[in-house]
Protein chains: 2
Amino acid sequence: MSSTKQRVCVIGSGNWGSAVGKIVAQNVQNFPDLFEQEVRQWVFEEDYNGEKLTEVINREHENVKYLKGIKLPHNIVAVPDVVEASKGANVLVFVLPHQFVRGVCEKMKGHVAHDARAISLIKGLDILPEGITLFSEEIGRILDINCASLSGANIADEVAQEKFCETTIGCRSVEDGETFFKLFHTPYFRVNVIRDYVGVELCGALKNVVAVGAGLSDGLKYGSNTKAAIIRRGLMEMRKFGKTFFGGVESETFFESCGVADLITTCSGGRNRKVAEAFVTSGKPIDVLEQEMLNGQKLQGTLTAAEVHEFLTARKMVDEFPLFNTVYRVIYEGAHPESIVRDI
Amino acid sequence: MSSTKQRVCVIGSGNWGSAVGKIVAQNVQNFPDLFEQEVRQWVFEEDYNGEKLTEVINREHENVKYLKGIKLPHNIVAVPDVVEASKGANVLVFVLPHQFVRGVCEKMKGHVAHDARAISLIKGLDILPEGITLFSEEIGRILDINCASLSGANIADEVAQEKFCETTIGCRSVEDGETFFKLFHTPYFRVNVIRDYVGVELCGALKNVVAVGAGLSDGLKYGSNTKAAIIRRGLMEMRKFGKTFFGGVESETFFESCGVADLITTCSGGRNRKVAEAFVTSGKPIDVLEQEMLNGQKLQGTLTAAEVHEFLTARKMVDEFPLFNTVYRVIYEGAHPESIVRDI
């Protein structure tokens, strides 16, 4: 690259990816000396009414499939090939379903700028009995670059409609933090940069387990005190999990948007809460509810609960996380939903 | 007193006082060597269908006026005279509207045991431009005893129905903390004792200002992200307020039931939220809404917002609490409700 300007690439173009692409493409316009004005976005190519989705997006400036009704800035360009999209990019924004991360990174390897830095907006963790991998670390490892993380109370449709919210960026490097702040912060999308990138990413995954607990409580019609208690206990177990198994996780992180605020949002609306509520009221198993309520998609919270349980079992620490454990037992071992208050 | 057993007296018998009286009277039965089995409860005498309310309560074992449908243990006795109720008491549980605290304490002075200790469940603060008085401190000062505080996500009706919740007791003395734990903790009403009694009491008052902010956001239909952001910012301003103006207030307190959990409950249901929402949607002033929605009772959150504003103005620190300030400006100075996101 002859230019010293930063080239930004957004990897992913679902509901959240499109909302984020809109922000990023608007923000580079505020810093013409700092960023290349064209932002490329990798879009997984699909057929849309007989046309290619990328072609429709680039003509209509709208992701008609995943973020209908929201116009995108003209300087964001949909690109169906991930290597072409990310070639020479200095700033990589990862916002795609977690199961595609490794494959996409392997393809990109060797094509991004050597001084590139990345940020992960991916929800989820890779939890195996032998250990936990953060997606930011996985991206960093494969591409041999630094990777930050972003998470917060950020329901995509509300962000796309420019309703006020906050988000948290966890970033080891102060300089990268400044770049990401410029790329993401707007008057309606308020960014707070902290150093604890691990805590930011953990919150985004573990909150879903707590939301299952909150949903069980809703299903039992336990009311507002109980739900607040479950949310609070959940927040404390999220923090304990982070502090027990990772260095550098700080209490303060759980006061950030990625912590308490995202947890509140996830436990008030959200599919994890909703399906868990139906689990109690309908008596149907989770996989049936996934078919009926989520078109067969897997529920994140129950999956994470199982992974966390396996991880804790391997360390003989199940009993130290009674809420996580109870969610697991209710969903997978037939424990009575009432355990959600009896056993925590 | 010839007995070494503790005599417990509950001062107040509204909705919350009755729910708490039930817990306390049940719990003394678990510790017959420690507590006198009769618990006296001061009940402000009223007429109830031509009978005295205290007589109805003592015959029916039910506070038919303020907690209908909930049976009280037989060992709690309603007493219409506060001096008689508290004579020789070693443990005083204050749970009455804040405007009656001083008058009641003045009457009790000299009649309680010299080694008595108290706990305040009173919501509110006495905020004047020259300073803030906690009701626990005021009770302690007038009666010359130690006074702890209790606050949490504790909607009275849900507690009375024995729905699971948590609460926080703030208590300087470890020994008193143990006594209060025995008196209040049950499997459905989980007590956590901490030392920061100031923080506990502050949370119970300041949360109502935040709930007004959350209600404005609801009135504007801002959705879940925005409300979570307002709750989070509010929690941070509550903490900053405590740490700025009081010694001994700790961050950890805001993770307790009295902090984050009570705030969540108050911002999801609750009259402060509801009236503030109607303030936006109806365009009517607060005093009209108080007439229409609260039978003329004063809304706590707007009152506290005004007191906090005066207190901060006297210290030239209004700008350091943008959420509190914006709530004040919207309610009292005609600022547009949208300021709740624009100006924080």
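Throughout, read-outs are computed from the coordinates displayed, never taken from laboratory work. If you're wondering where the values come from, they're calculated on a predicted model, not measured in any experiment. Note: ideal-geometry Cβ built from the backbone for every residue, glycine included; neighbour counts use all protein chains shown.
For B:Cys165, enumerate residues with amide H under 5 Å from its amide H, sequence gap 5+ or separate chain, H modeled in the peptide plane.
B:Phe189, B:Arg190
Enter the angle in degrees (range 0 to 90, nearest 10) between the Cα long axis of helix A:322-332 and the first principal axis of the Cα atoms of chain A, meaning the one along which they spread out most.
Here the helix axis deviates by roughly 90 degrees.
Compute the signed sum of charges (Lys and Arg +1, Asp and Glu -1) over the other residues within less than 14 Å, Cβ to Cβ, of A:Val174. Show your work: numbers first, answer last.
Working: positive: A:Arg117, A:Arg172, A:Lys182, A:Arg195; negative: A:Glu175, A:Asp176, A:Glu178, A:Asp196.
My count for the surroundings of A:Val174 gives 0.
Please compute, for peptide B:215-224, the average count of beta-carbon atoms on other protein chains lying within 10 Å of each residue's beta-carbon. Walk me through the intermediate numbers first.
Details: counts 0, 0, 2, 0, 0, 2, 1, 5, 10, 12.
The shielding value for this peptide is 3.
Remind me, relative contact order of segment A:194-244 in percent, using alpha carbon pairs under 8 angstrom and six or more residues apart?
Details: 22 pairs, mean separation 23.8, N = 51.
Relative contact order here is 47 percent.
Mind listing which GluC sites (Glu not before Pro) in segment A:234-268 are in a DSSP loop and have 14 or fewer other Cβ atoms within 10 Å? Kindly include the intermediate steps, with their values, before the conclusion.
Working: sites: A:Glu237, A:Glu250, A:Glu252, A:Glu256; in loops: A:Glu250, A:Glu256.
In loop regions of segment A:234-268 (DSSP not H, G, I, E or B), there are no sparsely surrounded GluC sites (Glu not before Pro).
Could you pull out every one of the aspartates and glutamates with an alpha carbon less than 16 Å from that of A:Lys52, ignoring same-chain neighbours closer than 8 positions?
Once the sequence-local aspartates and glutamates are set aside, what remains near A:Lys52 is A:Glu60, A:Glu62, A:Asp81.
Amide H neighbours of B:Phe35 under 5 Å, counting only residues 5+ apart in sequence or on other chains, H built in-plane at 1.01 Å?
Here the answer is B:Gln6, since their amide H atoms fall under 5 Å of that of B:Phe35.
In nm, to one decimal, how far is the modelled label at A:Asp47 from the one at B:Lys71, with both set 7 Å along Cα→Cβ?
6.9 nm
Among all the lysines, which ones have a C-alpha under 17 Å from B:Lys182's C-alpha, if same-chain residues fewer than 8 places away are not counted?
Cross-link targets: B:Lys5, B:Lys22.
Of the beta bridges DSSP finds with both residues in chain B, what % are antiparallel, to the nearest 5? Please list the in-between numbers first.
Values: 8 of 34 bridges.
Within chain B, antiparallel bridges account for around 25 percent of the total.
Find, among the GluC sites (Glu not before Pro) in segment B:271-344, those assigned to loop by DSSP (not H, G, I, E, B) with at most 11 other beta-carbon atoms within 10 angstrom. Walk me through the intermediate numbers first.
On the way: sites: B:Glu277, B:Glu290, B:Glu292, B:Glu307, B:Glu310, B:Glu320, B:Glu333, B:Glu338; in loops: B:Glu333, B:Glu338.
When the GluC sites (Glu not before Pro) of segment B:271-344 are filtered for loop state and at most 11 Cβ neighbours within 10 Å, B:Glu333 remain.
When Cβ neighbours within 10 Å are restricted to other protein chains, what is their mean count per residue of peptide A:150-161? Walk me through the numbers on the way to the answer.
On the way: counts 0, 0, 4, 8, 3, 5, 1, 2, 5, 2, 0, 3.
Across A:150-161, the average partner-chain Cβ count within 10 Å equals 3.
Add +1 for every Lys or Arg and -1 for every Asp or Glu among the other residues with Cβ under 13 Å from the Cβ of A:Glu60, and state the total.
On the way: positive: A:Lys52, A:Arg59, A:Lys65, A:Lys68, A:Lys71; negative: A:Glu51, A:Glu55, A:Glu62.
Once positives and negatives cancel, what remains is +2.
If you fit an axis through the alpha-carbon atoms of helix B:223-245 and take the longest principal axis of the Cα set of chain B, what angle between them do you get, 0 to 90°, nearest 10?
70 degrees
Roughly what percent of Cα-Cα pairs across chain B reach past 31 Å?
On the way: 19679 of 58996 pairs.
So the pairs more than 31 Å apart make up 33 percent of the total in chain B.
Based on alpha-carbon centroids, what's the gap between segment A:40-108 and segment B:113-186 in Å, whole number please?
57 Å
Place +1 on the Cβ of every Lys and Arg and -1 on the Cβ of every Asp and Glu in the protein assembly as shown, take the dipole about the Cα centre, and give the residue among A:Gly131, A:Ile331, B:Ile139 whose Cα lies farthest towards its positive end.
Highest projection toward the positive end goes to A:Ile331.
Under a point spin-label approximation (7 Å from Cα along Cα-to-Cβ), what is the B:Glu38-A:His336 distance to one decimal in nm?
According to this spin-label approximation, the distance is 3.9 nm.
Quick check: the angle from helix B:197-219's long axis to the longest principal axis of chain B, C-alpha only, nearest 10 degrees?
So the inclination is approximately 40 degrees.
Rounded to the nearest 20 debye, what is the charge dipole size of segment A:255-344 about its Cα centre when +1 sits on each Lys and Arg Cβ and -1 on each Asp and Glu Cβ?
On the way: 9 positive and 13 negative charges, 20 e Å.
The calculated dipole for segment A:255-344 is roughly 100 debye.
For segment A:1-146, with only Lys/Arg (+1) and Asp/Glu (-1) charged at the beta-carbon, what is the dipole magnitude about the Cα centre, in debye rounded to 20? Can you show the working numbers first?
Values: 16 positive and 19 negative charges, 56 e Å.
For this selection, approximately 260 debye.
Could you state the per residue volume, in Å³, of the convex hull enclosing the Cα atoms of the protein assembly as shown? Walk me through the numbers before you get to the answer.
Values: hull volume 117.6 nm³, N = 688.
Hull volume normalised by residue count: 171 Å³.
Specify the residue with the greatest mean-square fluctuation among A:Gly103, A:Gly12, A:Gly242, computed from a Gaussian network of chain A linking alpha-carbon atoms under 10 Å apart.
Largest GNM mean-square fluctuation: A:Gly103.
If you take the square roots of the eigenvalues of the alpha-carbon gyration tensor of segment B:57-173 and sort them as a ≥ b ≥ c, do you get rounded (a/c under 1.5), prolate (a/b over b/c) or oblate? All intermediate terms of the calculation are to be shown ahead of the outcome.
Working: a/c = 1.83, a/b = 1.27, b/c = 1.44.
Note, shape of segment B:57-173 comes out oblate.
Tell me what chain B gives for mean residue ellipticity at 222 nm when only DSSP H runs of n ≥ 4 count, each as -39,500 (n - 2.57), the sum divided by the residue total, rounded to 500 deg cm²/dmol.
Helices in chain B give a 222 nm mean residue ellipticity of -14500 deg cm²/dmol.
Give me the lysines in straight-line cross-link reach of A:Lys298: C-alpha distance below 22 Å, same-chain residues under 8 apart excluded.
A:Lys65, A:Lys123, A:Lys207, A:Lys274, A:Lys284
Where both residues lie in the protein assembly as shown, what percent of DSSP beta bridges are antiparallel, nearest 5? Walk me through the intermediate numbers first.
Details: 16 of 68 bridges.
Counting DSSP beta bridges with both partners in the protein assembly as shown, the antiparallel share is about 25 percent.
For segment B:216-282, which trypsin sites (Lys or Arg not before Pro) pass both filters: DSSP loop (anything but H, G, I, E, B) and at most 14 other C-beta atoms within 10 Å? Please report the intermediate quantities before stating the final value.
Working: sites: B:Lys221, B:Lys227, B:Arg232, B:Arg233, B:Arg239, B:Lys240, B:Lys243, B:Arg271, B:Arg273, B:Lys274; in loops: B:Lys221.
Listed in order of number, the matching sites are B:Lys221.
Classify segment B:111-165 from the C-alpha gyration tensor, please: rounded if a/c falls under 1.5, else prolate or oblate depending on whether a/b exceeds b/c. Each step should come with its number before you reach the end.
Working: a/c = 3.63, a/b = 1.40, b/c = 2.59.
Cα axes put segment B:111-165 in the oblate bin.
How big is the Cα convex hull of segment A:192-320 in projection, averaged over all directions, in nm²? Provide the component values of the computation, followed by the final result.
On the way: hull surface 32.8 nm².
Average projection, Cα convex hull of segment A:192-320: 8.2 nm².
Can you give the charge dipole size of chain A about its Cα centre, rounded to the nearest 20 debye, using +1 on the beta carbon of Lys and Arg and -1 on the beta carbon of Asp and Glu?
Numbers: 38 positive and 45 negative charges, 107 e Å.
The dipole of chain A has a size of about 520 debye.
Per-residue HN-Hα couplings for segment A:78-90, Karplus 6.51 cos²θ - 1.76 cosθ + 1.60 at θ = phi - 60°, whole Hz, x for Gly and Pro?
Values per residue, Gly and Pro as x: 6, 10, x, 9, 5, 5, 5, 4, 9, 4, x, 5, 9 Hz.
Let me check I've understood the local charge: for A:Ala89, count other residues with C-beta under 14 angstrom from its C-beta, Lys and Arg +1, Asp and Glu -1. What total comes out?
On the way: positive: A:Lys5, A:Arg7, A:Arg40, A:Lys87, A:Lys107, A:Lys109, A:Arg117; negative: A:Glu36, A:Glu38, A:Asp81, A:Glu84, A:Asp115.
Result for the local shell: +2.
I'd like the distance separating the alpha-carbon centroids of segment A:210-271 and segment A:315-344, in whole Å.
Comparing the Cα centres of segment A:210-271 and segment A:315-344, I get a distance of 15 Å.
If you plug each phi of segment A:296-301 into the Karplus form 6.51 cos²θ - 1.76 cosθ + 1.60 with θ = phi - 60°, what whole-Hz ³J(HN,Hα) values come out, in order, with x for Gly and Pro?
x, 5, 7, 6, 5, x
Given the options B:Ala113, B:Asn63, A:Thr244, identify the residue whose Cα lies farthest towards the positive end of the charge dipole of the protein assembly as shown (+1 on Cβ of Lys, Arg; -1 on Cβ of Asp, Glu).
With unit charges placed on the Cβ atoms, the residue in question is B:Asn63.
Pairs of Cα atoms under 8 Å, at least six residues apart: use those to get the relative contact order of segment A:210-344, whole percent. Numbers along the way, then the final one.
Working: 151 pairs, mean separation 41.6, N = 135.
The normalised contact order for segment A:210-344 reaches 31 percent.
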